[in-house]
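Undergrad: Please find one structure pasted underneath; my questions will follow.
No value in this document is a laboratory result; all are computed from the given coordinates. Here the structure is a predicted model, which means the values were calculated and not measured. Glycine gets a Cβ as well: all are built from the backbone with ideal geometry, and neighbour counts include every protein chain shown.
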Ligand code: UTP
C-alpha cells in the first residue's frame with residue numbers, strides 16, 4: 001500500500017470542510033489590458049532577442065502532461081492520442097518536432113521537460129520509445145512524475161478501493177513547480193544555463209512551442225513571467241480570463257466573474273474582461289525557483305470517486321503562481337494562429353475542431369506563399385519544413401507533397 005501523509009490530509013480536510021471557495025465580494029477586480037503582439041512595434045526586436053537566447057542555450061520547454069483527460073475519454077496519455085490529422089501526428093509529436101525546428105535553427109537542442117503522473121508515466125515513455133523519441137536528442141528530454149494525493153470520503157477518512165489500497169489522483173497542475181524541483185529537473189535546467197522556461201499544456205494542437213518572439217518579449221520586459229492571451233469569442237465563452245485581483249494578476253474562472261463584470265464593455269464596444277488564458281507561459285528560471293520553494297494554495301472539489309459520491313479531492317493550480325509573482329506580461333495572439341485545444345470528445349475544443357483549425361492555418365500559410373491549392377482539401381505541413389509559415393514556396397510544395405506536406 002502506498003504511503004500517504006495522513007496528517008497533511010487531515011489538515012486539508014479541517015480547512016476545507018469549514019470553508020466555501022468563492023471570489024469574495026470584497027475582492028477588487030479590474031481588467032488587465034493587453035496588446036496584440038502582432039501590432040507591437042517591438043516585435044522584431046523581441047524575435048531577435050529570442051533567437052539570440054536560443055543560440056546561447058538559455059531557453060527550455062516544459063510540457064504539462066499529467067492530467068487525466070477525462071473529458072476527452074481517451075484511454076491513455078492525451079499527448080499520445082492520434083486526434084485525426086492526415087499525418088497521424090500526436091500532440092507529443094507536434095511538440096517535439098516544433099522544438100526540433102527551433103533547435104536546428106539555433107544549432108543546439110532545446111532542453112525539454114515533460115511532467116507525467118504515475119497514472120500515465122509508463123505509457124508516455126512507451127509512446128516516445130515506439131517512435132524513437134521522434135528523433136529528439138534523448139539527452140535533452142527529461143520525464144518526471146507529478147505528486148499524487150489520496151481522495152477523502154465525505155467524512156474525511158482516506159478513500160480505499162476494494163483491495164484496501166488508497167485511491168489517489170494527481171495533485172493538480174500547480175504541483176508542477178514542486179515536482180520540477182523535486183525531480184532534479186529544475187537543477188538540470190540551471191546546469192544547462194537555462195534562463196527562460198516556456199511552459200504549456202499538452203492539449204493545444206497549434207502551440208508555438210517556445211515561440212522566440214514570446215521569449216524575447218519577456219526577456220525585454222524585466223517582468224517575472226508572461227502569458228499568451230486571446231480575445232474572448234464573446235462574453236459567454238467559458239474560458240479563464242486574466243484580470244487584476246486586489247492589485248495582483250490572476251486568472252478568473254468563468255464562475256468567478258459576475259454577469260455584470262463579464263459583459264462590461266469599453267467605449268468601442270470591446271469587452272473589458274477579455275484576455276482569455278491559452279495555457280502558454282514563459283517563466284524566468286528565478287521565478288520557478290521562487291514558486292517551487294513556496295506552498296501554493298490548495299483547492300478542494302467534491303466529486304464522485306471510485307463510485308463513492310461527494311468525496312474530497314485536493315489540487316493545486318498553476319494559476320496561483322501569478323498573484324504570487326505579482327506581475328505579468330500579457331502577450332496577445334490570434335486564436336486562429338495559436339490556440340486549438342483538444343479537451344472534449346466532440347464539439348468545441350475537440351479533435352475535430354483542432355484538426356480543422358490546423359488545416360485552416362496551414363492552408364493560409366501555403367496561400368501566403370502563393371502555392372496553387374485545390375479547393376476543399378485539407379493541408380497539413382510538417383514542422384520539419386516550417387515553424388510558423390516561413391520557408392514555403394511552390395517548389396517546396398511540389399517536392400514535399402506526400403512527404404512533409406499532406407493533402408486530404
Ligand atoms: P486540464 O485542466 O484541461 O485537465 O489540464 P485534463 O486532465 O487535461 O483534462 P480533464 O479536465 O480531465 O478533461 C490542463 C493541463 O494541465 C495538465 C494537463 O495534462 C493539461 O496539459 N495537468 C492537469 C497536469 O499536468 N496535472 C494535473 O494534475 C492536472
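Undergrad: As I understand it, the value is the acute angle between the Cα axis of helix 121-130 and the longest principal axis of the Cα atoms of the chain; what does it come to in degrees, rounded to 10?
TA: Once rounded, one gets 20 degrees.
Undergrad: Then there is this: With the Cα gyration tensor of the range 236-353 giving a ≥ b ≥ c as the square roots of its eigenvalues, does the rule (a/c under 1.5 for rounded; else a/b larger than b/c for prolate; else oblate) give rounded, prolate or oblate?
TA: Judged from the Cα gyration tensor, the range 236-353 comes out rounded (a/c under 1.5).
Undergrad: State whether the range 1-154 is rounded, prolate or oblate according to the following rule on the C-alpha gyration tensor (a ≥ b ≥ c being the square roots of its eigenvalues): a/c under 1.5 gives rounded; otherwise a/b larger than b/c gives prolate, and the remaining case gives oblate.
TA: oblate
Undergrad: Here is a follow-up. In whole angstrom, note down how far apart the Cα centers of the range 358-387 and the range 200-231 are.
TA: A separation of 24 Å, based on Cα centres.
Undergrad: Can you put 298, 46 in order of Cβ neighbours within 10 angstrom, beginning with the fewest?
TA: Working: 298 19, 46 23.
Least crowded to most crowded, the residues run 298, 46.
Undergrad: Right, another one. How would 320, 82 line up from fewest to most surrounding beta-carbon atoms within 10 angstrom?
TA: 82, 320
Undergrad: So how tilted is helix 212-221 from the main axis of the chain? Cα-based, degrees 0 to 90, rounded to 10.
TA: 60
Undergrad: Same structure again: Going by C-beta contacts inside 10 Å, put 149, 180 in order with the fewest on the left.
TA: 149, 180
Undergrad: From the gyration tensor of the Cα coordinates in the chain, what semi-axes in whole Å does the equivalent ellipsoid have, largest first, with each one equal to sqrt(5λ)? The partial results should precede the final answer.
TA: Numbers: eigenvalues 237, 133, 97 Å².
Calculated on Cα positions only, the semi-axes equal 34, 26, 22 Å.
Undergrad: Based solely on its DSSP helices, what 222 nm [θ] is calculated for the chain when runs of n ≥ 4 H residues each add -39,500 (n - 2.57) and the sum is averaged over all residues, nearest 500 deg cm²/dmol?
TA: Counting only the DSSP helices, I get -8500 deg cm²/dmol.
Undergrad: Is the range 16-75 best put as rounded, prolate or oblate by its Cα gyration tensor, with a ≥ b ≥ c the root eigenvalues, rounded for a/c under 1.5, and otherwise prolate when a/b is larger than b/c, oblate when not?
TA: Judged from the Cα gyration tensor, the range 16-75 comes out oblate (a/c at least 1.5, b/c at or above a/b).
Undergrad: Packing-wise, with mean Cβ within 10 Å as the measure, how do 101-110, 203-212 rank, highest first? Mind showing how you got there, number by number?
TA: Numbers: 101-110: 17.6, 203-212: 24.0.
Result, highest mean Cβ count within 10 Å first: 203-212, 101-110.
Undergrad: By how many degrees, 0 to 90 and rounded to 10, does the Cα axis of helix 43-55 deviate from the longest principal axis of the chain?
TA: The angle comes out at about 80 degrees.
Undergrad: How many angstrom lie between the Cα centre of the range 316-357 and the Cα centre of the range 81-127?
TA: So the separation of the two Cα centres works out to 18 Å.
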